[in-house]
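K.L.:
Before I ask anything, here is the structure I am working with.
The values are calculated or read from the model by the stated rules, or taken from the named source; none is laboratory data. Just so it is clear, the structure is predicted and the values come from calculations on it, not from any experiment. Here the Cβ positions follow ideal geometry from the backbone for every residue, glycine too, while neighbour counts run over all protein chains shown.
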Amino acid sequence: MKIIVAIKQVPARDSQLRIDGAGKWIQTSDLAFEVNEPDAYALEAALQLKEKNGGEVIALCAGPAGASQTIREALAKGADRALHIEEDSLGDLDTLAVSRLLAKAAAAENPDLILTGLQSDDLGYGQTGVVIAELLGMPHATIIMEVEKKDSSIRVKRELEDGWFQHVELPLPAVLTIQSGISKLRYATLMGIKKAKTKEVKRLTPADLGVALQKTVSIEKVYLPQKSKQTQMLEGSAKEMAAKLVEKLKFEVRVL
């Protein structure tokens, strides 16, 4: 079973973000980067499928040369090899344009399965997996909780709203968008880190894939959210105030 996992390099989750001088993006010169966390769950799902059914896991990443660090992280965790589409101007491209690059590279591998994370931590569009499936004419399913390999198909469990789930069987090849948090992420072992240095990373360019890039989006301004404080006084008996507090925590603050 040949599985391709699309991964993205994003700023580390604990990074202190600052707006750049032009005010159109964040400063990246002093940031640490890592595998997009939702994509890490897609990679984990692929590795578990490989362990059960055999085959090969290929990491697919579009990004600048610096994304090689993120690719090596995926290889250290167990991916067998990687495809790196080197391009510095991905910030000027919309989801469709980026997905065309990923789809072209994936199609050349003739995979049985393509996995993506639910969304990216930096932009959060949540569109890439679905667009890749449409470009390749493959069946797809989103928000996947479980994947089971059949003879020539897969059976998946999808998360719906209000605690409901849906079980669907899809023919192969197919594209799946994996839900975050469905399993415990593995750490790269020392042996895995050593092996990653010798694993193949095939570098491609948009020209190699026959894709002509054109600027499709323009970010005019990026700004940090404004912090504000507001005090509300709850009145009534202790029971009434507790009910009002629970209601606000549920529907306004949304922490319950």
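K.L.:
Please count how many residues of the stretch 221-244 are farther than 18 Å from Leu17 by Cβ and modelled with pLDDT of 80 or more.
P.N.:
Summing the residues that are farther than 18 Å from Leu17 by Cβ and modelled with pLDDT of 80 or more in the stretch 221-244 gives 14.
K.L.:
So if I check each of Ala67, Ala103, Ala79, Ala59, which one is hydrophobic (A, V, I, L, M, F, W, C), crowded, with 17+ Cβ neighbours inside 10 Å and touching a residue at least 60 places away in the same chain (Cβ under 8 Å)?
P.N.:
Step by step, each of Ala67, Ala103, Ala79, Ala59 is checked, and only Ala79 is hydrophobic (A, V, I, L, M, F, W, C), crowded, with 17+ Cβ neighbours inside 10 Å and touching a residue at least 60 places away in the same chain (Cβ under 8 Å).
The rows are residues; the columns are (1) at pLDDT 95 or above; (2) part of a strand (DSSP E or B); (3) more than 20 Å from Tyr187 (Cβ to Cβ); (4) among the small types (Gly, Ala, Ser).
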site	(1), (2), (3), (4)
Ala59	yes, yes, no, yes
Ala82	yes, yes, no, yes
Asp122	no, no, yes, no
Gly126	no, no, yes, yes
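K.L.:
When you scan the stretch 18-36, do you find a residue that is surrounded by fewer than 18 Cβ atoms within 10 Å (Cβ to Cβ), over 22 Å from Lys184 (Cα atoms), among the basic types (Lys, Arg) and without any contact (Cβ under 8 Å) to a residue 24 or more places away in the chain, even just one?
P.N.:
There is at least one residue in the stretch 18-36 that is surrounded by fewer than 18 Cβ atoms within 10 Å (Cβ to Cβ), over 22 Å from Lys184 (Cα atoms), among the basic types (Lys, Arg) and without any contact (Cβ under 8 Å) to a residue 24 or more places away in the chain.
K.L.:
OK, next. Can you pull out every residue in the stretch 147-164 that is surrounded by fewer than 18 Cβ atoms within 10 Å (Cβ to Cβ) and touching a strand residue (DSSP E or B) at 6+ places or on another chain (Cβ under 6 Å)?
P.N.:
Scanning the stretch 147-164 gives Glu148, Ser153, Arg155, Lys157, Glu159, Leu160.
K.L.:
Just for the stretch 165-210: of the residues that are out of contact with any strand residue (DSSP E or B) (no Cβ under 9 Å at 6 or more places or on another chain) and of a type in the set (A, V, I, L, M, F, W, C), which one is surrounded by the most Cβ atoms within 10 Å (Cβ to Cβ)?
P.N.:
Ala196
K.L.:
Another question, then. Note down all Cβ pairs under 7 Å where the first residue falls in the stretch 245-256 and is farther than 17 Å from Glu235 by Cβ, the second is surrounded by 11 or more Cβ atoms within 10 Å (Cβ to Cβ) and basic (Lys, Arg), and they're at least six residues apart or on different chains.
P.N.:
Leu256/Lys250
K.L.:
With the structure loaded, tell me whether Leu135 is assigned to a helix (DSSP H, G or I) and over 30 Å from Ser15 (Cα atoms) or whether it fails that test.
P.N.:
When the stated conditions are applied, Leu135 passes them.
K.L.:
As an exercise: evaluate Glu161 against (1) touching a residue at least 60 places away in the same chain (Cβ under 8 Å); (2) of a type outside the set (Ser, Thr, Tyr); (3) not in a strand (DSSP E or B) and give the number of the one condition it does not meet.
P.N.:
Result: Glu161 passes all but (1).
K.L.:
Same structure, new question: If Asp30 satisfies every condition in (1) under 24 Å from Lys215 (Cα atoms); (2) assigned to a loop (DSSP other than H, G, I, E, B); (3) of a type outside the set (A, V, I, L, M) but one, which is the exception?
P.N.:
Looking at each condition in turn, Asp30 falls short on (1).
K.L.:
Then there's this: Considering Asp88, Asp39, which residue is closer than 25 Å to Leu213 by Cβ, among the acidic types (Asp, Glu) and in a helix (DSSP H, G or I)?
P.N.:
None of the others qualify; the one that does is Asp39.
K.L.:
Has the stretch 184-196 got any residue that is over 17 Å from the mean Cα position of the chain (by Cα), part of a strand (DSSP E or B) and without any contact (Cβ under 8 Å) to a residue 40 or more places away in the chain?
P.N.:
Within the stretch 184-196, none of the residues are over 17 Å from the mean Cα position of the chain (by Cα), part of a strand (DSSP E or B) and without any contact (Cβ under 8 Å) to a residue 40 or more places away in the chain.
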